[in-house]
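The values are calculated or read from the model by the stated rules, or taken from the named source; none is laboratory data. Given the structure is predicted, the values throughout are model-derived calculations rather than measurements. Positions of Cβ are generated from backbone atoms using ideal geometry, with glycine treated the same way; all protein chains shown enter the neighbour counts.
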């Protein structure tokens, strides 16, 4: 008799073996190459977008094509390729492969850290409340973590990303305060969220253990003010205009767009 309480069986055993295998650099690189055609080096995405809303469906379709053409790792939810590619391009132009990068709210299906891995980045960490045990994919470390109260040292990271997370009941005061604490002066915090210019009714809907929320203009203005109070400032003008709703959440019948904004921790003034 196989004691399933002590040892994984069947497909669980295969999944367990695969997780162990993918911890190794060679195995993870081979996996990326075989599954996605990804290999190093790859061209750098020629886009520059740090602040603003997803304007239409064509924009996320173009981002999805770019991921395919560059043989990068695609996001399983195609519209999310838009903010993933934007964040990727910003990090690549602002840092080097020695940089320390944290994806706050990462999942194993998230594409940003594997894409950075393809460009030679190795100091990569993803945190999420869903990780019961630490996991690795090559040199990418995934672990349990609350994005408003992390275990990391002050000023540990050169770049932080938080893509489509803050709309799930995150305390913005605590979020920006913690991100500012662990970000080095001059470092970047790239945040994306569900958004539309005017409020969208979501009353009574819940997902991921929290009420569904879609940010609107006034709330984002307030969020930026909170960020500024902890020494985080926008890298450029932030347009909050949105006309189309190119993203649909079928489960709830909700149509909206995404907003991405990039904040820099104010550098220390040299004496």
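Here residue 3 meets each of (1) under 18 Å from residue 142 (Cβ atoms); (2) modelled with pLDDT under 85 with one exception, condition (1). Screening the stretch 19-40 for residues that are modelled with pLDDT under 85 and in contact with a helix residue (DSSP H, G or I) (Cβ under 8 Å, 6 or more places away or on another chain) and picking the one that is farthest from residue 91 (Cα to Cα) gives 21. Here residue 189 does not qualify as part of a strand (DSSP E or B), closer than 17 Å to residue 54 by Cα and touching a residue at least 24 places away in the same chain (Cβ under 8 Å).
Being at pLDDT 95 or above and in contact with a helix residue (DSSP H, G or I) (Cβ under 9 Å, 6 or more places away or on another chain) is a property that residue 83 has.
Tell me, please, whether a residue that is part of a loop (DSSP other than H, G, I, E, B), at pLDDT 95 or above and under 23 Å from residue 111 (Cβ atoms) can be found in the stretch 169-185. Yes: one or more hits.
For residues in the stretch 6-17 being surrounded by 12 or more Cβ atoms within 10 Å (Cβ to Cβ) and part of a helix (DSSP H, G or I), which is modelled with the highest pLDDT? Step by step, filter the stretch 6-17, then rank; the result is 16.
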